[in-house]
Amino acid sequence: MLEDEYRYASEKARRSVVTVVRVDPSNAFVDRCVGCVILNSAESTFIMTAAFMVGDGGSLQVHFDDDSTKLADVLLTGEWFAILTVQRHKACQAIHFREMKACREEVIVLAPISYQMPHIHVNGFVVAPSIIGKDGQMCRVEESKSYFLITCPCQDQGQLNQNRLISSPVFDTLGNAFGIIYDDCGVNKLALRLVKRALHIKDLPDLLKGMHKMNISWQEALRTLDKTRQESFGKRTVPPSDMSPQPKRRNTEAVDDESHA
């Protein structure tokens, strides 16, 4: 019965999860990471992914669940996350934001094992619905209340050992997102690396506001920034099919390789 719930949730959520691939100027594979659709507007689709995917040279490709690929532009970057924009993709769906915060419950994470293969669903559990941290003077660290811990038996690291699950949504068994994976809980012990720290989805607007620094809703801010970008640099130079060439593999790359808020 529980396996049926997992299957239902992953089927509902899979259109919201993408794989972001970075290629160098010769179109050779550099790295990949998960991403999620946070907003689908009239002209553009907005993707959240890990900030380490943004680099000099080359380009970013977004691989959707329906096997289509779009070239992405970087709209915003922060310490941990980046926001990408692509030409609107009708077949995808923005993650559904759950109102209730995390409790002790079963969770599902969709993990990309390759940009050429479907995401696999990984089962986990909320082991700490909230994290109340204190500093050296035993004063409460206010930011700590925005996070919770989940088990996630999937250890996927990038070329420089970055966590490729950063920005992956944490779904409940109904396919609703209530968190975003932030990082590993610990870096030295494998047992700790299988525990992930996640941001409560209700705190995502504050995180995005810290990135766009505008006194409007995050949805309106992204649309405004995207419009300004297009006016400044022109429309995306994407072929009519909107399909970019598949990245070439390097010898070092093994097996791999409208928001409801």
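The values are calculated or read from the model by the stated rules, or taken from the named source; none is laboratory data. Predicted model only: the values in this text are computed from it and were never measured. No Cβ is skipped: glycine too gets one built from the backbone with ideal geometry, and neighbour counts run over all protein chains shown. Surface areas here come from the heavy atoms of the whole protein model, side chains and all, with no ligands, DNA or RNA. Shrake-Rupley method; radii C 1.70, N 1.55, O 1.52, S 1.80 Å.
Quick one: in the stretch 133-154, which of the residues that are modelled with pLDDT of 70 or more and over 17 Å from G175 (Cα atoms) is farthest from the chain's Cα centre (by Cα)?
K145
For the stretch 206-219, check the following and say yes or no: at least one residue is more than 19 Å from S130 (Cα to Cα) and at pLDDT below 75.
No; the residues of the stretch 206-219 include none that is more than 19 Å from S130 (Cα to Cα) and at pLDDT below 75.
Counting just the residues of the stretch 220-248 that are β-branched (V, I, T) and not in a loop (DSSP other than H, G, I, E, B), which one comes out modelled with the lowest pLDDT?
Filtering first and then ranking leaves T228.
State whether one or more residues within the stretch 92-103 are open to solvent by 30 Å² or more (accessible area, probe 1.4 Å), closer than 20 Å to S167 by Cβ and out of contact with any strand residue (DSSP E or B) (no Cβ under 9 Å at 6 or more places or on another chain).
No; the residues of the stretch 92-103 include none that is open to solvent by 30 Å² or more (accessible area, probe 1.4 Å), closer than 20 Å to S167 by Cβ and out of contact with any strand residue (DSSP E or B) (no Cβ under 9 Å at 6 or more places or on another chain).
Would you confirm, using the coordinates I've provided, whether L71 is surrounded by fewer than 23 Cβ atoms within 10 Å (Cβ to Cβ) and closer than 23 Å to L225 by Cα?
When the stated conditions are applied, L71 passes them.
Among the residues of the stretch 186-198, is any out of contact with any Phe, Trp or Tyr (no Cβ under 6 Å at 6 or more places or on another chain) and modelled with pLDDT of 95 or more?
no
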